[in-house]
Amino acid sequence: MTPELPLRPQLPELSARAREITNCARRLLEAHGWEYVTMRVLAAELGIKAPSLYKHFRGREALRAALISDGLAETGQRLFAAIAEEHSIAALLQAYRQLARDSPSMYRLATSGEMPRADLPDGLEEWAGSPFFLVTGDPYDAQALWSFAHGMSILEIDNRYPPGSELDRTWERGIRAFTNSLRTE
């Protein structure tokens, strides 16, 4: 029996200006990291005065929540697309790894530090992670698989593995271990 596919939560509708702000913030985030993205830097990049940003976002933390919402929505879209094409642990983990590699600063922002759950659309975080449950069929197996994927991804994008490590082989071993483990249960 395949678990039921959850509905994608609605993201709040942003004005054109608010979307322009989040797009600019994301470019700065990917180029320089979250620490660099201040309201003053963002305003300068947009060619406006910093106080006008507050018409669209209460502050830097509200902007962070909007970026995390975008990142989680993208995560869910990419992971659901991967398992729709091939319903397997391998497809899921390959998509997850690529997501982290494609946007390492966004990945860090969305997966590290305290999650501003109260400021996120209801159900978004669960929806984005539900492909892990859909391929495993068990919430604890899903958490274990996500923990493996996150640990591997963050260590890889932060260059924490020893030089010369064959990370493709490490990922393949993890995929095989989880696939074999779930087959035997």
Confirm whether A18 is of a type outside the set (K, R) and either without any contact (Cβ under 8 Å) to a residue 12 or more places away in the chain or closer than 22 Å to R78 by Cβ (or both).
-> no
Residue in region 86-101 that is outside any helix (DSSP H, G or I), modelled with pLDDT of 95 or more and closer than 30 Å to R60 by Cβ present | no
Scan of region 136-185 for residues that are small (G, A, S) and either in a loop (DSSP other than H, G, I, E, B) or free of Cβ contacts under 8 Å to residues at least 60 places away in the same chain (or both), ordered by number | G137, A142, A144, S147, A149, G151, S153, G164, S165, A177, S181
Please verify whether region 113-123 includes one or more residues that are touching a Leu at 6+ places or on another chain (Cβ under 7 Å), surrounded by 16 or more Cβ atoms within 10 Å (Cβ to Cβ) and outside any loop (DSSP other than H, G, I, E, B).
-> no
Within region 134-144, count every residue that is surrounded by 18 or more Cβ atoms within 10 Å (Cβ to Cβ) and more than 16 Å from R78 (Cβ to Cβ).
-> 3
Apart from one, (1) surrounded by fewer than 14 Cβ atoms within 10 Å (Cβ to Cβ); (2) in contact with a Phe, Trp or Tyr (Cβ under 9 Å, 6 or more places away or on another chain) all hold for E166; the odd one out is (2)
Considering residues that are part of a loop (DSSP other than H, G, I, E, B) and under 20 Å from the mean Cα position of the chain (by Cα), the number found within region 34-85 is 1
Leading residue by the ranking (farthest from N159 (Cα to Cα)) among those in region 108-123 that are among the charged types (D, E, K, R) and without any contact (Cβ under 8 Å) to a residue 24 or more places away in the chain = R117
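Condition check ((1) free of Cβ contacts under 8 Å to residues at least 12 places away in the same chain; (2) within 23 Å of L14 (Cβ to Cβ)) across all residues:
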position: S52; (1), (2): yes, yes
position: G59; (1), (2): no, yes
position: A66; (1), (2): no, yes
position: S69; (1), (2): no, yes
position: E74; (1), (2): no, yes
position: L134; (1), (2): no, no
Does R27 satisfy being more than 19 Å from M106 (Cα to Cα), assigned to a helix (DSSP H, G or I) and charged (D, E, K, R)?
-> no
Report yes if I68 is closer than 21 Å to N23 by Cβ and surrounded by 20 or more Cβ atoms within 10 Å (Cβ to Cβ), otherwise no.
-> yes
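The values are calculated or read from the model by the stated rules, or taken from the named source; none is laboratory data. In this text the structure is predicted, and so the values were computed from the model without any measurement. Backbone-built Cβ (ideal geometry, glycine too); neighbour counts: all protein chains shown.
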